[in-house]
1. Which whole-Hz couplings ³J(HN,Hα) result when phi for each residue of the range 208-215 is put into the Karplus expression 6.51 cos²θ - 1.76 cosθ + 1.60, θ = phi - 60°, listed in order with x for Gly and Pro?
2. Report the gain in length on full extension from N58 to E46: 0.36 nm times residue separation, minus Cα-Cα distance, nm rounded to one decimal.
3. If you build a Gaussian network model of the chain, linking Cα atoms that sit under 10 Å apart, which residue out of A48, A212, A249 swings the most?
4. Within the range 188-221, whose backbone N sits under 16 Å from a point 7 Å along Cα→Cβ of R121?
5. State the volume of the convex hull built on the alpha-carbon positions of the range 175-251, expressed per residue in Å³ and rounded to an integer.
6. Percent of accessible area on the range 61-144 owned by carbon and sulfur, 1.4 Å probe?
7. Near the amide H of R6, under 5 Å away, which other amide H atoms are found, from residues 5 or more places off or on another chain, if H is placed in the peptide plane?
8. What value does the chain have for Rg/Rh, both radii from Cα atoms and Rh as Kirkwood defines it?
Amino acid sequence: MSARKRLSVVLIAKNEADLLPDCLRSVAWADDIILLDSGSQDATAEVARQAGATVYQNQAWPGFGKQRQLAQQYATGDYILMIDADERVSAPLRQAIEQVLQAPDEGAVYSLGRRNLFLGRFMRHSGWYPDRVVRLYDARKYRYNDHLVHESLETQGARVIPLPGDLLHLTCRDLPAFQQKQLGYARDWAQQRYQQGKGCSFLSILSHTAGAFCKTWLLRAGFLDGKQGFLLAVVNAQYTFNKYATLWALRHTQPPSEPS
């Protein structure tokens with residue numbers, strides 16, 4: 001029988017001292033933990049070190065994708081588990097990951113099912129469960145793409161194997177803070193699209209916004225998540241509006257030419 005593969009847990013973080021202790025306790029069984037800090041002004045680095053993590057710094061923010069690439073370069077394990085400070089590995093998920101490390105499929109990557117918390121409720125519908133994300137993979141073969149936001153693993157056509165057990169995600173505990181973060185994501189998304197030469201019409205702002213609400217509330221059965229389901233549908237519509245309105249604005253806020 002081949003030896004168990006070593007696992008590196010990798011995080012990128014900024015000002016996450018409050019969330020880190022529970023996160024790091026949930027992965028304390030890993031062979032090493034790497035945290036790449038992007039300029040925290042709280043005790044993030046110290047909390048991570050006390051929990052046994054190795055901390056590196058990169059304050060020149062390159063976007064989420066490239067920051068994850070850099071963080072992965074510091075890992076020493078055969079396999080990477082990429083998580084965030086507001087996520088926790090449940091006991092059943094840990095067991096599933098340990099089984100993979102004993103006998104991994106060399107041609108596969110692994111997806112984790114996230115249970116997302118929204119205003120005191122772990123959502124069961126609304127497109128937020130199981131919300132599968134590919135986070136466990138061979139460190140030698142795969143890395144994240146260069147996207148500024150909404151980055152993802154470049155799987156190169158690998159087979160994706162879903163693991164049992166949940167990755168608990170404390171997505172929204174404070175609504176204003178969550179919306180502020182969403183506003184930053186919307187800005188980065190629009191900036192990336194603008195740099196790619198993309199644009200949108202005024203009508204598409206309205207259609208995408210309405211579509212986001214209907215998709216969450218109706219097509220993804222958000223109504224079964226009660227009051228939180230309705231509020232999430234509104235928040236998703238607001239986020240979509242911010243994305244497309246910002247992209248539209250980038251193409252329509254050039255200073256007017258001087259009259260001849």
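1. 5, 5, 5, x, 5, 5, 5, 4
2. Numbers: separation 12, 0.36 × 12 = 4.32 nm, distance 1.57 nm.
Using 0.36 nm per residue and subtracting the Cα-Cα distance, I get 2.8 nm.
3. Sorting by GNM fluctuation, first place goes to A249.
4. 216-221
5. Values: hull volume 5.9 nm³, N = 77.
Dividing the Cα hull volume of the range 175-251 by its residue count gives 77 Å³.
6. Result for the range 61-144: 47 percent of the exposed heavy-atom area is carbon or sulfur.
7. Long-range HN contacts for R6: D78, Y79.
8. Radius of gyration relative to Kirkwood radius: 1.00.
The values are calculated or read from the model by the stated rules, or taken from the named source; none is laboratory data. Being a predicted model, the structure only gives us computed values, none of them experimental. No Cβ is skipped: glycine too gets one built from the backbone with ideal geometry, and neighbour counts run over all protein chains shown. Heads up: the accessible areas ignore ligands, DNA and RNA and are worked out on the full protein's heavy atoms, side chains in. Shrake-Rupley method; radii C 1.70, N 1.55, O 1.52, S 1.80 Å.
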